[in-house]
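Please read the structure below before turning to the comments.
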Amino acid sequence: MGRLRPGHLVEAGFWLGLCLFLYVYSFEFDKNIEIYKFGASGWPRAIILLIAIAAIGQLIHHYVKGDESSSQIISAAVDDGSEEAAHEAHHETVKWYLSTFALLAIPFIYMRVPEWIAGTAEPGDAGLHTARLIVAAILIAIVVYFIRHHRVRVALMFPLFFAALLEDFGFYTLAPFFIVGVMYLFGERRTKPMLLIMALIFGFMLTMFVKILYVGLPVGNIEPFYSIGSWVVTVLQ
Amino acid sequence: MDAFNNFLQGSVTLFSDPINILIFLGGVIGGMLFGAIPGVSMLTLAAILLPFTAHLSAEQGIMLFSVMYCTGVYGGAITAILFNIPGAPENAPTAFDGYPMTKNGQAGKAVGAAVMCSALGGVVSTIIMMAATAPIADWAISAFGPPEIFALVFFGLAVAASVGAKTFWKGWLSILIGLMIAVVGLDPVGGIERYDFDMPYLLAGIHFIPTILGFFAVSEIFVQAEKKVRGSYTAPKLSVDFPSLSELLAHKFAVIRSIVIGFFCGILPGIGATLAAFMGYNEAVRWSKTPEEFGKGKLEGVISSETANNAATGAAMIPLLALGLPGGALTAMMVGVFQMHDMQPGPLVFLTSADLVWVVFAAMFYANCSILLIGFLETKTIINLLRIPFQFLAPLILLLATVGAYAVRGLTIDIVVMFLAGVVGFFLRRSGYSIAGIVLGLILGKIGEQTFAQAMQMLHFEWSGFFDRPIAFGLLIAGFLTLCGSIYGAFFKKTSAPSSTGSDSPPAPPPPGGG
């Protein structure tokens, strides 16, 4: 095995798997262009080939030299402390990665599951709205359960979940909870400063973007969140 | 003389419009603050501001970014010297001697040297930029066709891949991911849909603004979330104490050497201010008669690093404005500003928007001068602002990024893409890949494919056509040599130990961030 670790094999496997997927998918658009003999797939396939070569080169590098960097100066220049932070926080185990990816599925569950339950993707459908409310409530309960003990994992998933909910629940309803949630994930526990900062940030965002710059932020689709968002916009503008 | 007149004209345009002055001051202070606050960088601020530059004119947008670039590179030196926490990677070598100077009670002198040398390096670099960019652009109009531009893109990517990540292979993988992201959408010749997965959103390609916001602003927040276990810092008392003229003269060779190193690192695509600072510091150690004193609080260490990183800023604008090719992450974002105003950076900008170019040049010159003024007057205020706990800053940054991503097209999917890019960026960064490399690949990918297609059509699909074009051929050879050198280095040269376990001399950089 040389100086290979299981992580190195997973890394190489990921890149080569991605190459295979991208190459197979490239047949979907493998069409001739009269004035260009390489066609639409020539350039992407060349990149895929180079990715595969680089992935194999990386695997050989790991086999021969383990985690050593290519050059001392370059290593120092590109080191932003993120590898070290991961190492210190013991966030490099397979278990950590698996549980992180499991948590990261939450936003995508919200984006897909309500439509399956309601059997429709029509935006105005009442059944779809109810399904979205129920699924959102369940997922929020799961997030609240995990937030105390898996801060980094939840910190990765939390903004994505916020983004997934924005279309239905609107910026004006979700933003205050998002601000408090992020502060909590970064270790803040004092209620009064959290509420004060939340009010300051939310107030700044509304004044700056809604009142001054007239940026139309998402108001949501589901009642009563849609009405709340519309009311805030009406009052400010 | 023409250049001087144009510079005066640019200065008048800059200071005759109150909005321009406001943007200039905002850029100077914003760049310095975001450069100084550990956990974020000027790139974070640039990524957040990028979508909103659509509300500004093209010259105001580019000016804002170039001013932030100058002051942001300096800003990180303050925390590097005072707390051993470089505000940005390009200030990491400053901490090697700056922090020991603080411990020796010489913080004021170290900050003063950083202020003076950053301003000096930046001003000299800007003057050379003003003198050199227009002639290079003039020459490029006649000498650079699609084959040359493609060859230059190849050379730039080869250099960027060789220096941007922990290993050569990871550097290439980073660039190639960027190139692959750029493939999504319609192909530039036949308009055929590629990798759209039957999603209408992907037909127009993955928008670079949410991607850049995710990779830079959001992934930085995630990295900081992981670093929170390390605790925080407290701000010491400080007075700025400029080095005397004799002290500065004693280091004149270090200053000149670092300006030369910084300038060449800046002008070569893909290297940038970070490597300039490390090379400047490294050369100072190598040339010194007392190398053993470095790392223990030697003024020359601070001078070399800070002169080199600021000298890279003016030089980095030359390939962008003269040839239309960005050399680093921030200049890649400037390409985004141009594109948002339906403009292409490159030699023609000098013909079509000479005002823009000279306002930007003037703004960069004054931004570097203002480092001296603000560094002297406002360093204490900046230190007080650094007391803002990161847990209060993080939600603000994430919400600004959210609004920025949404404001571009009014699509919530852009916000999802941004946060997804943030998660991907987080995992790639902790594995030693280069985020800047990905963004460079993304921006240069579209230019590269388009110019390659045009070049091949021009050359009737004969590869040998490149041999008849000396510039294109030379650049391709230079790219291949860089590539071969890197491959040789990757397999046959003795390398350093992994960074997490420390390394020998020169001293390993302290971890940036953590506050």
Specify which residue in the list A:ILE53, A:LEU16, A:TRP43 is farthest towards the positive end of the charge dipole of the stretch A:6-68, using unit charges on the beta carbon of Lys, Arg (+1) and Asp, Glu (-1), about the Cα centre.
A:TRP43
Globularity index of the stretch A:6-68, i.e. its alpha-carbon radius of gyration over 2.2 N^0.38 Å:
1.41
Scoring chain B by relative contact order with C-alpha pairs under 8 Å, at least six apart, yields a percentage of 30 percent
Specify the angular offset, from 0 to 90 degrees and rounded to the nearest 10, of the alpha carbon long axis of helix B:252-267 from the longest principal axis of the alpha carbons in chain B.
20 degrees
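Find, among the trypsin sites (Lys or Arg not before Pro) in the stretch A:164-230, those assigned to loop by DSSP (not H, G, I, E, B) with at most 15 other beta-carbon atoms within 10 angstrom. Can you show the working numbers first?
On the way: sites: A:ARG189, A:ARG190, A:LYS211; in loops: A:ARG189, A:ARG190.
Passing both the DSSP loop test and the Cβ count: A:ARG189, A:ARG190.
Within a 10 angstrom radius of each residue's Cβ in B:215-224, how many Cβ atoms of other chains show up on average? Whole number is fine. Walk me through the intermediate numbers first.
Details: counts 0, 0, 0, 3, 3, 2, 6, 5, 6, 5.
Mean shielding by partner chains, rounded to a whole number: 3.
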What is the mean number of Cβ atoms from other protein chains located within 10 Å of the Cβ atom of each residue in peptide A:158-167, rounded to a whole number?
6
In Å, what Rg and Dmax follow from the Cα atoms of the protein assembly as shown?
25.3, 80
With a Förster radius of 41 Å, plug the Cβ-Cβ distance of A:LYS31 and A:PHE204 into 1/(1 + (r/R0)^6) and report the FRET value to the nearest 0.05.
0.25
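Please identify the DSSP H helices in chain A that span no less than 18 Å along the helix axis (Cα) and have a mean Kyte-Doolittle hydropathy of 0.5 or more.
On the way: long enough: A:6-25 (28 Å, 1.21); A:42-65 (34 Å, 1.12); A:94-118 (36 Å, 1.01); A:126-147 (31 Å, 2.19); A:151-169 (26 Å, 1.29); A:171-185 (20 Å, 1.82); A:191-205 (21 Å, 1.79).
Helices passing the filter in chain A: A:6-25, A:42-65, A:94-118, A:126-147, A:151-169, A:171-185, A:191-205.
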Which three semi-axes in whole Å describe the equivalent ellipsoid of the stretch B:130-212, each the square root of 5 times a Cα gyration tensor eigenvalue, listed largest first?
29, 20, 12
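Taking the stretch B:250-306, which trypsin sites (Lys or Arg not before Pro) meet the DSSP loop condition and have no more than 10 other C-beta atoms within 10 Å?
Numbers: sites: B:LYS252, B:ARG257, B:ARG286, B:LYS289, B:LYS296, B:LYS298; in loops: B:LYS289, B:LYS296, B:LYS298.
Answer by residue number: B:LYS289.
What percentage of the solvent-accessible surface of chain A, computed with a 1.4 Å probe over protein heavy atoms, is contributed by carbon and sulfur atoms?
Numbers: 8280 of 12030 Å².
Result for chain A: 69 percent of the exposed heavy-atom area is carbon or sulfur.
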MRE, 222 nm, helices only [DSSP H, n ≥ 4, -39500 (n - 2.57), over chain B, to nearest 500]
-23500 deg cm²/dmol
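With every protein chain present, what is the per residue accessible area of the protein assembly as shown (1.4 Å probe, Å²)?
On the way: 29510 Å² over 752 residues.
With the other protein chains kept in place, the protein assembly as shown gives 39 Å² per residue.
Counting protein heavy atoms only and a 1.4 angstrom probe, how many square angstrom of accessible surface do chains B and A bury in total, to the nearest 100?
On the way: alone 21600 and 16180 Å², together 29510 Å².
Summing both sides, the interface buries roughly 8300 Å².
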Got a number for carbon plus sulfur as a percent of chain B's accessible area, 1.4 Å probe?
66 percent
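Cross-link list B:LYS296/B:LYS380; A:LYS65/B:LYS289; B:LYS289/B:LYS380: which exceed 29 angstrom alpha carbon to alpha carbon?
Table pairs above 29 Å Cα-Cα are A:LYS65/B:LYS289; B:LYS289/B:LYS380.
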Volume in Å³ per residue [convex hull over Cα atoms, computed for chain A]:
240 Å³
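Hey, what did the stretch A:6-68 get for relative contact order, percent, Cα under 8 Å, at least 6 apart? Spell out each step's value before the answer.
Working: 37 pairs, mean separation 25.3, N = 63.
With pairs under 8 Å counted, the relative contact order is 40 percent.
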Going by amide H atoms built from the backbone, whose H comes under 5 Å of the H on B:LEU186, apart from near neighbours?
B:ARG194, B:GLY205
Checking buried surface per residue: for the stretch A:200-214, which residues lose a minimum of 10 Å² accessible area in the protein assembly relative to the chain alone (1.4 Å probe)?
A:ILE201, A:PHE204, A:MET205, A:PHE209, A:LEU213
Please name whichever of A:PRO193, A:TRP231, A:MET111 sits farthest to the positive end of the charge dipole of the stretch A:94-236, dipole taken about the Cα centre and charges placed at Cβ: Lys and Arg +1, Asp and Glu -1.
A:PRO193
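For chain A, what does the helix formula give at 222 nm: sum of -39500 (n - 2.57) over DSSP H segments with n ≥ 4, over the residue count, nearest 500 deg cm²/dmol? Before the final figure, lay out the partial values.
On the way: 10 runs with 166 residues, N = 237.
Taking each H run of at least 4 residues, the total per residue is -23500 deg cm²/dmol.
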Semi-axes of the equivalent ellipsoid of the stretch A:178-237: what are they in whole Å, largest first, if each equals the square root of 5 times a C-alpha gyration tensor eigenvalue?
25, 15, 9
Residue order for B:LEU372, B:LEU476 - accessible surface, 1.4 angstrom probe, largest first
B:LEU372, B:LEU476
Note down the relative contact order for the stretch A:94-236 as a percent, whole number, built from C-alpha pairs under 8 angstrom at least six residues apart.
25 percent
At R0 = 35 Å, FRET efficiency that the Cβ-Cβ distance of A:ILE142 and B:LEU186 yields, to 0.05:
0.30
Could I get the Rg over Rh figure for the stretch B:370-462? Both from C-alpha atoms, Rh via Kirkwood, rounded to two places.
1.18
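P(r) tail for the stretch B:2-491, what percent of Cα pairs lie past 40 Å? Write down the numbers at each step before the final one.
Details: 20006 of 119805 pairs.
Result for the distance tail: 17 percent.
The values are calculated or read from the model by the stated rules, or taken from the named source; none is laboratory data. Note that the structure is a prediction, hence the values are computed from the model and not measured. Glycine gets a Cβ as well: all are built from the backbone with ideal geometry, and neighbour counts include every protein chain shown. What goes into the accessible areas is simple: the full protein's heavy atoms, side chains included, and nothing from ligands, DNA or RNA. Shrake-Rupley method; radii C 1.70, N 1.55, O 1.52, S 1.80 Å.
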